[in-house]
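The values are calculated or read from the model by the stated rules, or taken from the named source; none is laboratory data. The shown structure was predicted, so the numbers you read here are calculated from the model rather than taken from an experiment. Here the Cβ positions follow ideal geometry from the backbone for every residue, glycine too, while neighbour counts run over all protein chains shown. The area values use the complete protein model at the heavy-atom level, side chains included, leaving out ligands, DNA and RNA. Shrake-Rupley method; radii C 1.70, N 1.55, O 1.52, S 1.80 Å.
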Amino acid sequence: MTKLKMLMLAIAGMAVAGASTANAEKVTVAVLRGVPASPIFIADAKGYFKESGIELNLIYVDAATAAPVAVVSGDADFAVIGMTAGFFNLAGKGALKIVGTSVREQKGYKLTGYIASNAAYEAGVRKPEDFKGRAIAITTVGSTYHYNLGQLAQKSNFDLASIRMVPMQSQSNQASAVAGGNTDGAVITAYILSKMEAEKKGRIIGWVSDISPYQTSVAITSTKNAATRRPMIEAFLKAYHAGIKDYHAAFLNLDSAGAPQKGPGYDELLKIVSRYTQQPAEQLEGFFPYIDPEGRVEVQSIRDQVAWWASQNQIDKGINPDSFIDMSYVRATP
């Protein structure tokens, strides 16, 4: 092949790439900068969104309660985030739709844990049910952490009102409250707990997945998007599900003793997640939460959450979860 032909082919290739980029649909996704968003990070880094004709833009929020608001306002097209009372209130009013899955609390996998301050641990707070009568840091009232404490109280047969929940607005503030002894403990993301314990800023005393497994996070969009932008949503979900499959294969293999084993692409994907979360890779290892490899959602779990929030007067008692779980997109667990 002559140099001239090689140059012409290169120019043609650049033109095609430029046209592809120009025609890509810009899609913004709101996420927490944490491990639960790993499939999004992986799909972005490996080019799955570009292959689906999507130019991805990520915006990071400090608490799960902020993400649905970003979608409703139009600042984001999607959010992949924990289900909160605020989300259920917005969805119940017809503003949002669940279109896909995300992480769930499942026994054997670590997503969210309970940590005691050093002083509280020395005073006898050695297991999650010892949070009764204590001051515990959460992000916000109505958050997934609020729900975790509610399920802990229910399953341990004590009144949730006996816990003094201290809203700190962000996970970093939660960690600081525990480290400084301003609260007796917190319920918080696993990789943050591991870092705190490694730095001797608290003691891990249990895991949510051992006490109350449930579907904690989902992929959401606006009701308008769900009704009018089906090709874009299907393209997004195709790329996202490809990221889920890579994530599951690499990180969610357990041996007979329940310990995580490295799967295909482990080292490459660990670097990707480390880069996007801005957390050292060694602090992430062993703390990858469960995501269904087929992208399925535990629909009954969502119904149970709505019933509990309504019982706590945090959401309207008339909210029907089936009105905002869009089964034209959602793959449900059997």
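Summary table
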{"item": "Residue under evaluation Arg331, criteria (1) modelled with pLDDT under 95; (2) open to solvent by less than 40 Å² (accessible area, probe 1.4 Å), criterion not met", "result": "(2)"}
{"item": "So Ile81, is it open to solvent by 40 Å² or more (accessible area, probe 1.4 Å) and not in a loop (DSSP other than H, G, I, E, B)", "result": "no"}
{"item": "Search result, residues across region 202-225 that are in contact with a Gly (Cβ under 9 Å, 6 or more places away or on another chain), of a type outside the set (S, T, N, Q) and assigned to a loop (DSSP other than H, G, I, E, B)", "result": "Gly202"}
{"item": "Conditions (1) of a type in the set (Gly, Ala, Ser); (2) surrounded by fewer than 24 Cβ atoms within 10 Å (Cβ to Cβ); (3) more than 13 Å from Phe236 (Cα to Cα): number failed by Ser38", "result": "(2)"}
{"item": "Residue that is nearest to Thr112 (Cα to Cα), among those in region 280-293 that are out of contact with any strand residue (DSSP E or B) (no Cβ under 9 Å at 6 or more places or on another chain) and open to solvent by 40 Å² or more (accessible area, probe 1.4 Å)", "result": "Gln283"}
{"item": "Residue within region 116-127 that is in contact (Cβ under 8 Å) with a residue 24 or more places away in the chain and in a strand (DSSP E or B) present", "result": "yes"}
{"item": "So Ala91, is it in contact (Cβ under 8 Å) with a residue 12 or more places away in the chain and surrounded by fewer than 24 Cβ atoms within 10 Å (Cβ to Cβ)", "result": "no"}
{"item": "Residue ID - least open to solvent (accessible area, probe 1.4 Å), chosen from residues in region 108-127 that are in contact with a Phe, Trp or Tyr (Cβ under 9 Å, 6 or more places away or on another chain) and basic (Lys, Arg)", "result": "Lys110"}
{"item": "Selection count where residues are modelled with pLDDT of 95 or more, of a type in the set (S, T, N, Q) and part of a helix (DSSP H, G or I), scope region 21-72", "result": "1"}
{"item": "Criterion violated by Ile188 - all others in (1) open to solvent by 20 Å² or more (accessible area, probe 1.4 Å); (2) assigned to a strand (DSSP E or B) satisfied", "result": "(1)"}
{"item": "Residue selected from region 294-328 under the condition open to solvent by 60 Å² or more (accessible area, probe 1.4 Å) and farther than 25 Å from Gly142 by Cα, by the criterion nearest to the chain's Cα centre (by Cα)", "result": "Glu294"}
{"item": "Residue within region 138-148 that is open to solvent by 40 Å² or more (accessible area, probe 1.4 Å) and without any contact (Cβ under 8 Å) to a residue 12 or more places away in the chain present", "result": "no"}
